[in-house]
Amino acid sequence: MTQGLRTSRRCSGDAGPTDSTELHREALPNNKALFGGYFHGVPPLKHMESQEEKPVIYTMENKPIVTCAGDQSLFTSLYTSLAQQLPREPMEWRRTYGRAPKMIHLEANFVQFKEELLPKEGNKALLTFPFLHIYWTDCCDTETYKSSVKEDMMRWQNTLRSHSSADWVIIVVETNDTKKKNKPNILPRSSIVDKIRSDFCNKQNDRCVVLSDPLKDSSRSLESWNSLLLKLRTLLLMSFTKNLGRFEDDMRTLREKRTQPGWSFCEYFMVQEELAFVFEMLQQFEDALVQYDELDALFTQYVLNFGAGDTANWLGSFCAPVRNWSGLLLRRPIDMEKRDSIQRGEASLLDLRSYLFSRQCTLLIFLQRPWEVTQRALELLHNCVQELRLLEVSVIDGALDCWVFLSCLEVLHRIEGCCDQAQLAANCSHTVGLWAYATDKLKSLGELCGLVSKNGPTSEDLNRTVDLLAGLGDERPETVNSLQSPYKKLKEALSSVEAFERHYLELSHAAMEMYQAIGRLRSARLVGKSLAEFYMRKGDPERAETFLQEALKSYVSEGWSLPVTHTRKQIAECQKLLGRTEDYLQTSALLAGDVNLSTEERKHFCQEILTFAGRSGNQSHKVTLSMNVFAQLTRLQFHPAAASVHSGAVLQVELTLRCLMPVSVRIQQLAASIHFDIDHGGTLKRSKGTLRNANQGTIEFKQGNSSAGPPSSAAAGPALEMDEIQDRSPSDNSLNSVGVVCKNTHLIIRRRENGSPPETSNCVSPPAVAMKEGGQMLKVQNVTLEPGNNSITFTAPSGQPGTYMLRQLCATMGEVQFVLSHIYPSVRYEVYSQEPQLTVEPLSEPLLAGMPQLVKFTLLTGHYTVKKGDALQLSNTETMPILPSSSCTARISSPEAELVGESVLSIQSSEKVTSISLPPTPPYHVLEFQLEVLCIIPSGSERPANERLTNGEVRHRPRSYSHPDTPMTAIDQRMSIDCPWSIYSTLLALTFYIPFKTKHSLLSAGNRKYIQVCVQNVSDMNFTLADMKLTEKQHSSLELQSFNTKTNQLLCSKHSVFCLWEVRWKDDLPSCLQCVFSANFSPLNQDSSAFKPFHYQFQLERVTTLYSVRAEILPPAGEQHCRSGLVCELEVCITRLTEPSEGEVAEDSKTDTDGLKTTKLMYEVADSSSNWAVCGKSSGMVLMPLRVNATHKVQIEVMPLFAGHLPFPKIKVLKYLPHNAAAAIQPDPDSCVENDSLSLLDKALDDQGDTASIRSRGSVHSVGSSDQQQRGVAMPRLEPFSPGQVFNNSHSQQVLVLPTADDHIMEVNAT
Amino acid sequence: MFHICLLMFSPQNYPLYIRSVPSQNELKFHYTVHTSLDVVEEKVSAVGKSLADQRELYLGLLYPTEDYKVYGYVTNSKVKFVIVVDSSNTSLRDNEIRSMFRKLHNSFTDVMCNPFYNPGDPIQSKAFNGIVSGMMVQTG
């Protein structure tokens, strides 16, 4: 029968319409018949894949049924063209309920009309539903029509109507032959059609179609065919819409009744599936799939509701214990067995799910969505397991595992069947889940059946296996011949240990490879881990370890503490089995410190280490483990905090170790190895060290959390370590640049691989740690480390000066050594050796010269021990004597500035040397004492010859100089000290400041002379000045009469005191006076003993008054007073007061023709304040006889410019030196004064214009102005007199000037 | 009592926050979630390719297993949130999970706003803990 159907399709070209009797059956059994034997004889082998594609053919097999009544032979003749042409053009199918319209190719299965074909009332079958009924006739004869055809049609119509089928059409075929044949009956052709229309199609004219000349190849025929086909398609679609719509409505109504007690899901299932079948038949797979999905969802909802306590009766059948777990069956398009059982309401949950999925799978493959199949399969399998649990269906152990395993493989086979290898490889991501799931299930099956144990299955296991195999039933016929069917695989795998291993490994590796291929490395590792567990059970720890390490690496790098702990525990087991002691101990150490484990477990692992450590040492080498897992160095503290001590001093290092072990651990030795570096920079280069240990000598070590903790901030990398850099100029130590450098760039700018945080403490395998032997060590014996923080103190070696760096830390415990291979950040301390150092500094600033001042001597002993009898030898200088003092105590203090002792110094002074004997002082102590010194103020310009010091060195005369910071004059006073520790003298300098500034001046009144001394106090102190005296050294006859009344004079800071003496002489006034001003001074309010002398030496030269100048202004003739604007006469009278001295005669006089000695003087009148205008000649030469009272008068015309009391214009008198005399003159050092006066003179001489020689000299002068030249050419010169030599009588004299009488202009000055 | 487990990972995939109720079987959760990171990464990189989807932070169901459902969510800064629930817990649908994630994201933002919180450190905020606890009581 089915064969017939198929052939009818295959050979439709010639076979004609199918005998409709084949369809005369009840719909569903018919279906069964239709599908049941369909695959019969098709071997389900892989190479028959093309055959397996049959479902596609199958769906085409089913076509909507169209019945044909009337003239069968006529239909038969047209059948071929009709069947061929109907699907040729697609039609648009407009859908109800807003579903999108679809283009659809219509096909039909034409069968002969029989009444049995019409569905009976209540029959919901859709597949066998005739969608269209056609009546064929070629009747063109009215008579015939009336006699038989009409009647036949009536009967046909009635039958249809009785089944309320309105989908019919009458086709009237017209041929030319019949036309010809019936020509005599002159009835218009159309009349038959009209008749039929009027008889049957009231208002439905389209129900009658004419087909003209169907077998001819004419345009008319073609046109008529097309319209017929269009009509048929339209009608078919109308029928679909109508009938399917009605069906869907019925279905919905049925669904709405689902809350009613008698409702059965299975019944409803059948109904909706019918719809799915029809859609499938129409090749609307999407719609078909929707029907199944809806059923799926509905069922799922019921199960969930059941879980929530809402039980439906019909669900009872699904709760039956599972007896069969044969897995999915996807090789048949429709699994009729399961369908039957569903229909009978006997299906189990697995049956229903399997059936549903197989249908969905079929449709998805039609839709070419194989990857959705795999995804849905995984969901289905998970879901089924859950649902069975939820429904509390009783299943024997392992049955579900079998079912899932078989199903996974079945799905995979199905997918492999419809895809090529390349496609499969590219879509691993879709299938890998199934592979992994199958692997998982097989593994648990293996464990259940005792196939993974070392000893093989027990009899109990075997019984279980037999039970499981029984539930598989017989192999399905489709796969009987397949060698690799899931069924066979499972059976084989469960049959023996070896077969199981083979299958399991195959699956595992397949899954891992796929995971790796698609980059799901974590998943791959998890499979690997599960494989490792398998190997462990099989007693093959070696292979297991590889996988475990791999997995551990991943967990560690991503900071997953729980998996890390768990995996590590497994590794420990492996390593123990493998006898890899070192690794095992390392892992044990990690686990012992792992907070994720219980205390018991931790203790166990700790004990493992202790046991090994306690073993008698027959092994040649100790086992070295990383310290980080055992204890962490958290803090290191130096005492003293500076971490810099002098050699031989005690330096303690305190370590804080956080012990991670759960119990207290006794350690035989804890040692820190030290790297020693000899310091090159000598003794005091400590800046680096002090900078490093800026935080009080404490170094905190940052650690990752406990061994398995998350890397936390380690992800951000190590902390930046910054240092300050100062770049200073080597010459003057000024700052060139300042910067900040990062010291650990190599750690921070390290490339991170895979973005994983750098975590080394959790290393999977212990890092290669080696304890570097040799060198110095800090050692502590027998320490007990308690869990948590422990403080351990070492005494650091400090023998040799240099830098000591702590490199490694090593805890030895019997046969086990824990080594911290690198202490980071690096820890160093410095031991320095210091030379003794002596400094002298003022006790108070500034040191004042002339008064006793205290200076502080500080001796840093350094490495030198001051012994009894050691003394400092100070070379005495007379400018700075050391004042003996009765009680001079020295303080000795330790480097920490604690006072150690005090003792009285004995100071012995001899003529040349002051010896200070020092008290015994230990090294690296500070010895301090104070001495009083006096710096003698140098008194003026006295310059003694260089002296030699006792030690032969040239004595440096203290030189006074002015200091920019203070108005006081500074004196650097050097000291030379011989120290017992050195063969060289130590030279030290002290700066003293002279508190006074002294000036002197010579005052004259005619012939009388006065000397004034001004003492200015430039210091910040107030002084008392006493016993001011002025003495002349050379001339005893000279008397200096003091005008100073007070003996004691207060001299405040920044104030001055003036003293005055008159010089009196008896015979002759010496031209040169050597004077010494002396006074005593003391700071204010101190007793007289504190007075110290102060001397000021000066020299006065050319003291004697030679000339007196008297000026007089005479009003113009006839006037009583001068008037402004009127020329007056200035009369200057120059008088010689003294006899010429011998020097003067030789110097610049010449003998006149009459034997009289004369000298030339130059006078000049200049008014600097512009009160006067000099009219005519303002300067001139005077020839002066060298005798007493020789007088010369000069008249000069001057004009006052203003009215009032005007000071006289200034009159200068200068020595004029003729050129021949020039060479003899002692050149004045201050040549620039001379130049000035010359240029002044030049200007004046210009007006005069009578002395050509002067003029010419002036021009020469303008050419070259150097002394040399002038001296060489021996030009005439002018030389000023010393201040005392010319006395101006009319100095600061004034004259009354009246305003002009007829002053037109009134000048008003308003201020 | 259903299990529910909530985890957050840094962009480098180490855990920032792990909370699971009840706490037994936590190890299995961890293994499951660690594996699911594969899928998260796959999805995140897939999202990166199509710019249109970048707004969607919710990654949906990542990794169905027989026992658990694993849902994922990734913030713009590539911090990943994962919620694991029992497969049998049918009360938590997609929408509920989605809103849980949104709530979590909000409180995570608050945590990040704390100037004393150093991004990348494990989250120890009490406020955050409280919100998570509330969420778990509600749903569990």
What is the number of the single condition among (1) within 14 Å of chain B (Cβ to nearest Cβ); (2) part of a loop (DSSP other than H, G, I, E, B); (3) under 24 Å from B:PRO64 (Cβ atoms) that A:GLY309 does not meet? (3)
Residue check, A:LEU562 under 17 Å from A:LYS441 (Cα atoms) and in contact with a His (Cβ under 9 Å, 6 or more places away or on another chain): no
Being of a type in the set (S, T, N, Q), in contact with a Pro (Cβ under 8 Å, 6 or more places away or on another chain) and either closer than 30 Å to A:SER354 by Cβ or not in a loop (DSSP other than H, G, I, E, B) (or both) narrows it down to one of A:SER221, A:SER227, so name that one. A:SER221
Considering only segment A:42-75, state which residues are at pLDDT 85 or above and hydroxyl-bearing (Ser, Thr, Tyr). A:THR67
Residue selected from segment A:1100-1118 under the condition closer than 30 Å to A:PRO1070 by Cα and among the hydrophobic types (A, V, I, L, M, F, W, C), by the criterion nearest to the chain's Cα centre (by Cα): A:LEU1100
If I ask for residues that are part of a loop (DSSP other than H, G, I, E, B) and in contact with a Pro (Cβ under 8 Å, 6 or more places away or on another chain), which ones from segment A:1073-1121 would you list? A:VAL1103, A:HIS1121
Of everything in segment B:81-118, what is in contact (Cβ under 8 Å) with a residue 40 or more places away in the chain and within 14 Å of chain A (Cβ to nearest Cβ)? Give them in sequence order. B:VAL82, B:VAL84, B:VAL85, B:ASP86, B:SER88, B:ASN89, B:SER91, B:LEU92
So A:GLU267 ticks every box in (1) closer than 30 Å to A:PRO486 by Cα; (2) surrounded by fewer than 20 Cβ atoms within 10 Å (Cβ to Cβ); (3) of a type outside the set (S, T, N, Q) but one. Which box is left unticked? (1)
Pick from A:GLU608, A:GLU573: which is surrounded by fewer than 24 Cβ atoms within 10 Å (Cβ to Cβ), more than 14 Å from chain B (Cβ to nearest Cβ), among the acidic types (Asp, Glu) and more than 19 Å from A:LEU660 (Cα to Cα)? A:GLU573
Candidates A:VAL827, A:VAL741, filtered to the one that is crowded, with 16+ Cβ neighbours inside 10 Å and at pLDDT 75 or above: A:VAL827
Looking only at segment A:343-385, and only at residues there that are of a type in the set (D, E, K, R) and within 14 Å of chain B (Cβ to nearest Cβ), the one that is nearest to B:SER88 (Cα to Cα): A:GLU379
Selection count where residues are under 16 Å from A:CYS1075 (Cα atoms) and surrounded by 15 or more Cβ atoms within 10 Å (Cβ to Cβ), scope segment A:1028-1063: 12
What are the residues in segment A:438-460 that are of a type in the set (D, E, K, R) and surrounded by fewer than 16 Cβ atoms within 10 Å (Cβ to Cβ), if any? A:LYS454, A:GLU460
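Check whether at least one residue in segment A:505-528 is more than 21 Å from B:THR35 (Cβ to Cβ) and more than 13 Å from chain B (Cβ to nearest Cβ), and report yes or no.
The first filter runs over segment A:505-528 and keeps only residues more than 21 Å from B:THR35 (Cβ to Cβ), leaving A:506.
Keeping just the survivors that are more than 13 Å from chain B (Cβ to nearest Cβ) gives A:506.
Within segment A:505-528, one or more residues are more than 21 Å from B:THR35 (Cβ to Cβ) and more than 13 Å from chain B (Cβ to nearest Cβ).
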In this structure, does A:PRO801 turn out to be surrounded by 14 or more Cβ atoms within 10 Å (Cβ to Cβ), touching a strand residue (DSSP E or B) at 6+ places or on another chain (Cβ under 8 Å) and either among the charged types (D, E, K, R) or modelled with pLDDT under 75 (or both)? no
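Return the residue satisfying two criteria in turn: it lies in segment B:1-16 and is in a loop (DSSP other than H, G, I, E, B) and at the interface with chain A (Cβ under 10 Å from one of its Cβ atoms), and of such residues it is nearest to B:LEU37 (Cα to Cα).
B:ASN13
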With A:THR241, A:THR234, A:THR178 as the choices, which residue is at pLDDT below 80, surrounded by 12 or more Cβ atoms within 10 Å (Cβ to Cβ), assigned to a helix (DSSP H, G or I) and polar (S, T, N, Q)? A:THR178
Among the residues of segment A:1004-1024 satisfying the criterion of being touching a residue at least 60 places away in the same chain (Cβ under 8 Å) and among the aliphatic types (A, V, I, L, M), which is surrounded by the fewest Cβ atoms within 10 Å (Cβ to Cβ)? A:ALA1005
I'd like the full set of residues that are more than 11 Å from every other protein chain (Cβ to nearest Cβ) and either within 23 Å of A:TYR515 (Cβ to Cβ) or buried (at least 21 other Cβ atoms within 10 Å of the Cβ) (or both), limited to segment B:17-45. B:LYS43, B:VAL44
Scanning segment A:934-987 for residues that are modelled with pLDDT of 80 or more and touching a His at 6+ places or on another chain (Cβ under 6 Å), the one surrounded by the most Cβ atoms within 10 Å (Cβ to Cβ) turns out to be A:ALA970
Check segment A:424-446 and report whether any residue there is within 11 Å of chain B (Cβ to nearest Cβ), touching a Lys or Arg at 6+ places or on another chain (Cβ under 7 Å) and at pLDDT 85 or above. no
Please tell me if A:GLU286 is more than 14 Å from every other protein chain (Cβ to nearest Cβ), touching a residue at least 24 places away in the same chain (Cβ under 8 Å) and buried (at least 19 other Cβ atoms within 10 Å of the Cβ). no
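Taking segment A:840-870 only, how many residues are touching a strand residue (DSSP E or B) at 6+ places or on another chain (Cβ under 8 Å), more than 30 Å from A:LYS997 (Cβ to Cβ) and assigned to a loop (DSSP other than H, G, I, E, B)?
Within segment A:840-870, residues that are touching a strand residue (DSSP E or B) at 6+ places or on another chain (Cβ under 8 Å), more than 30 Å from A:LYS997 (Cβ to Cβ) and assigned to a loop (DSSP other than H, G, I, E, B) number 6.
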Report yes if some residue within segment B:58-70 is away from chain A (no Cβ under 14 Å) and hydrophobic (A, V, I, L, M, F, W, C); otherwise report no. yes
May I ask you to say which residue of A:GLU928, A:GLU878, A:GLU896, A:GLU911 is within 57 Å of the chain's Cα centre (by Cα) and modelled with pLDDT under 80? A:GLU896
Considering segment A:454-507, residues that are outside any helix (DSSP H, G or I) and within 16 Å of A:LYS538 (Cα to Cα), and then whichever is farthest from the chain's Cα centre (by Cα), we arrive at A:THR458
Could you check, for segment A:552-568, whether at least one of its residues is assigned to a helix (DSSP H, G or I), at pLDDT 90 or above and away from every other protein chain (no Cβ under 13 Å)? no
Return the pair list, or none, for Cβ contacts closer than 8 Å from residues in segment A:215-227 that are among the basic types (Lys, Arg) to residues that are modelled with pLDDT of 80 or more, at least 6 apart or on different chains. none
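The values are calculated or read from the model by the stated rules, or taken from the named source; none is laboratory data. The structure presented is a predicted model; accordingly, all values stated were derived computationally and were not measured. Every residue, glycine as well, gets a Cβ built from its backbone with ideal geometry; the counts of neighbours run over all protein chains shown.
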